[in-house]
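The values are calculated or read from the model by the stated rules, or taken from the named source; none is laboratory data. Note that the structure is a prediction, hence the values are computed from the model and not measured. Backbone-built Cβ (ideal geometry, glycine too); neighbour counts: all protein chains shown. With ligands, DNA and RNA removed, areas are computed over all heavy atoms of the protein, side chains included. Shrake-Rupley method; radii C 1.70, N 1.55, O 1.52, S 1.80 Å.
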Amino acid sequence: MYHYDEYDRRFLEERVAQYRDQVRRRLAGQLSEDEFRSLRLMNGLYLQLHAYMLRISIPYGTLSSAKLRGLAEVARRWDKGYGHFTTRQNIQFNWIHLEDTPDILVHLATVELHGIQTSGNSFRNITTDPFAGVAADEIDDPRPYCEIVRQWSALHPEFSFLPRKFKIAINAASEDRAAVKIHDLGLNLRRNAAGEIGFEVLVGGGLGRTPILAQTVRDFVPRRELLAYITACLRVYNQYGRRDNLFKSRIKILVQSLGIEKYRAEVEDEYAAMGAERDALALPDAAVAAMQAQFAPPAYREAANDDAELRRAQAAEPEFARWIERNTRPHKQAGHAIVIVSLKPLGRPTGDCSASQMETVAELADTLSFGEVRVTHDQNLVLPHVRKSALYDLWLRLGAADLATPNIGLASDIIACPGLDYCSLATARSIPVAQALSRHLAEREVAIGPLQIKISGCINACGHHHVGHIGILGLEKNGAESYQITVGGSDSARAALGGIVGPAVAADEVTATVDRLVDTYLRLRRDGERFPDTYRRVGLAPFKEALYVAR
Amino acid sequence: MTDRVLKLVTGNRLHDGTVVYFAGSGAWTPQIDDARLVEDKDGAALLAEAQAGSPPHPAVGPALIEAVRDGRRIVPLMLRERIRAFGPTVAYRGD
Ligand code: SF4
């Protein structure tokens, strides 16, 4: 894991000291809210419905047990004992007091965390595969590249006034677990025929009011040229992006209006003109190797890849067997497994985690996973390196903390944003809708198989509803909540935006509507087809019809 | 419940963000039932009164909202304001 150097530490110390003074002046009435707002936002502090909300960046979703304990302490000392993991691999605390925030930031700095660049027109947290470094289908560990890009982008002078926020995701496996196509800039790590590492560069993805999937600018940018090439991509955006219209300010609108060919031509012209600057930005192998050393795999003890004992335990306990099947994934290293810790127990707010649960996971990470934890963009946690021989014990201990619901990837593993229960931008609630759906569908979720339901409480689409197999968007109609439903979206390597199935429905009709859509899928699916596969084959019509007939 | 729509002023308390209501005479309260409730036509004057005073102002973002009286209780009209007044509609899992 990357650790702060002297420069990082001093920078954070100075920032917190400045911020402490800003808070003091705000509380003394020397700064108005208008003057203070951008200062607090620069440190991740929002004002939501009930209180201030602090968003803390978790770089590429990687946590140490020490960091997780640090977050647990924030939850316990300064909040109501819990936090909320978001779809951007960050964490939010909902009940923060302004007067406490300088102390909270000092505390977070001791575990190398902060809230900088979690708001405003800046580069946001760079996200990646939560199984980075351990996935069996990985080409190379994406985290060193995430950190290299993070350092390049952090407080970049030329790009500190971008037209709008900018989100980057990096994927390095054959499956896309980083949803690169819904990011402003997506990087797919590839190996060419000569065995060299490089990146497919995609731009212009994003959800929100205008959902668009990213398109490829270049198939293969050699690793050495990565920073120079994305500098060219950003420069074209920085120059032509719309600063006059908030709704048109993201790079996706620029790419859409220019067309990908024209945008690509602009980038290539810029890149050609960069000359010596390209050399200055070149990424030497030695620099990559030095960064890779920071993410060296842990010292795995040799473990036999003999699953006999595991199979015996599975045969004896069907519940354990189901958890193994749903909540573990193959690991690069023989005798090990990746474990997904479900933050979706039935009927609880998705992605919420109490202080004691965080401490339990930190403790389990120390004893069973080399002190490492990951955050997934679907709001669960991961223990990335668990010996197979420890899985049974782990399952028992997670279960005791209500963290072993065997539902990863199933209907009750819903993504939902905080919605109108917390968020000041919301038009409708998300969490109660998710709770009702997960309770209702849980009984038959094994029969249904993989199903991604994603819910957003407003058009900003933090819940990624456009790319849900079933997507739900909360709206407000004449003072009442209503929900627009889409089907067939996907954030996998074959990303797709869902199609709208009909007029928005009232809150109390959502469960029945989703039920009918699931029934329609089950009736039409062929062997082995997932929801988006069936949708691709049959189109929107049968789903619309099922709802129309019901009406 | 009377369905006559009345007005009150709400904001978030500066130092901790708590939802507060203007109670008149420079005072703010977390109890919505103690809010000063006025006729629609007097809303603008109430807001002006709530915004008066020298900084630091105790509430961030003072705004007029609509509410009705239900016996001794005051209930905001919009769901968003009811959630602000009475808390999230879902149980949370802190410890
Ligand atoms: S989608 Fe809307 S309601 Fe949900 S968290 Fe984002 S801004 Fe808030």
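Among the numbered conditions (1) more than 14 Å from every other protein chain (Cβ to nearest Cβ); (2) free of Cβ contacts under 8 Å to residues at least 60 places away in the same chain; (3) more than 23 Å from the chain's Cα centre (by Cα), the only one that A:Gly70 does not meet is (3).
Note on segment A:187-207: residues that are more than 20 Å from the chain's Cα centre (by Cα) and in contact (Cβ under 8 Å) with a residue 24 or more places away in the chain amount to 7. In a residue-by-residue description of segment A:457-474, the property of being within 14 Å of chain B (Cβ to nearest Cβ), open to solvent by 40 Å² or more (accessible area, probe 1.4 Å) and within 13 Å of the ligand (Cβ to nearest atom) applies to no position. Before we move on, is A:Leu396 free of Cβ contacts under 8 Å to residues at least 24 places away in the same chain and more than 16 Å from the ligand (Cβ to nearest atom)? The answer is yes for A:Leu396.
Within segment B:4-27, track down each residue that is in a strand (DSSP E or B), hydrophobic (A, V, I, L, M, F, W, C) and within 14 Å of chain A (Cβ to nearest Cβ). Across segment B:4-27, the qualifying residues are B:Val19, B:Val20.
Of the strands (runs of 3 or more DSSP E) lying entirely inside segment A:307-359, not one carries at least 1 residues that are more than 25 Å from the chain's Cα centre (by Cα) and not aliphatic (A, V, I, L, M). Scanning segment B:67-95 for residues that are aromatic (Phe, Trp, Tyr) and either surrounded by fewer than 16 Cβ atoms within 10 Å (Cβ to Cβ) or more than 30 Å from A:Ala72 (Cβ to Cβ) (or both) turns up just one, B:Phe86. Selection of segment A:70-86 for residues being open to solvent by 10 Å² or more (accessible area, probe 1.4 Å) and over 21 Å from A:Cys417 (Cβ atoms) yields A:Glu73, A:Arg76, A:Arg77, A:Trp78. Tell me yes or no: at least one residue of segment B:46-64 is in a loop (DSSP other than H, G, I, E, B) and over 28 Å from A:Val23 (Cβ atoms). Scanning segment B:46-64 turns up no residue that is in a loop (DSSP other than H, G, I, E, B) and over 28 Å from A:Val23 (Cβ atoms). Residue count for segment A:360-395 under the criterion of being of a type in the set (Lys, Arg) and assigned to a strand (DSSP E or B): the result is 2.
Scanning segment A:41-54 for residues that are open to solvent by 10 Å² or more (accessible area, probe 1.4 Å) and within 14 Å of another protein chain (Cβ to nearest Cβ) yields A:Leu41, A:Tyr46, A:Leu47, A:Gln48, A:His50.
Name, by its number, the condition in (1) open to solvent by less than 20 Å² (accessible area, probe 1.4 Å); (2) away from chain A (no Cβ under 11 Å) that does not hold for B:Leu64. All conditions are met except number (1). Sub-9 Å Cβ pairs linking a first residue in segment A:441-467 that is under 17 Å from A:Asn407 (Cβ atoms) to a second residue that is near the ligand (Cβ under 8 Å from one of its atoms) and of a type in the set (S, T, N, Q), at least 6 apart or interchain, are A:Ile455/A:Ser430, ordered by first then second residue. Residues that are more than 30 Å from A:Ala426 (Cβ to Cβ) number at least 2 in the following helices (runs of 4 or more DSSP H) confined to segment A:193-295: A:226-240, A:260-273, A:276-280, A:285-294. Could you tell me whether segment A:401-414 includes any residue that is touching a strand residue (DSSP E or B) at 6+ places or on another chain (Cβ under 9 Å) and within 16 Å of the ligand (Cβ to nearest atom)? The answer is yes; a qualifying residue exists. Among the residues of segment A:408-453, those identified as more than 14 Å from every other protein chain (Cβ to nearest Cβ), open to solvent by less than 30 Å² (accessible area, probe 1.4 Å) and within 22 Å of the chain's Cα centre (by Cα) are A:Ile408, A:Gly409, A:Leu410, A:Ala411, A:Ser412, A:Asp413, A:Ile415, A:Leu451, A:Ile453.
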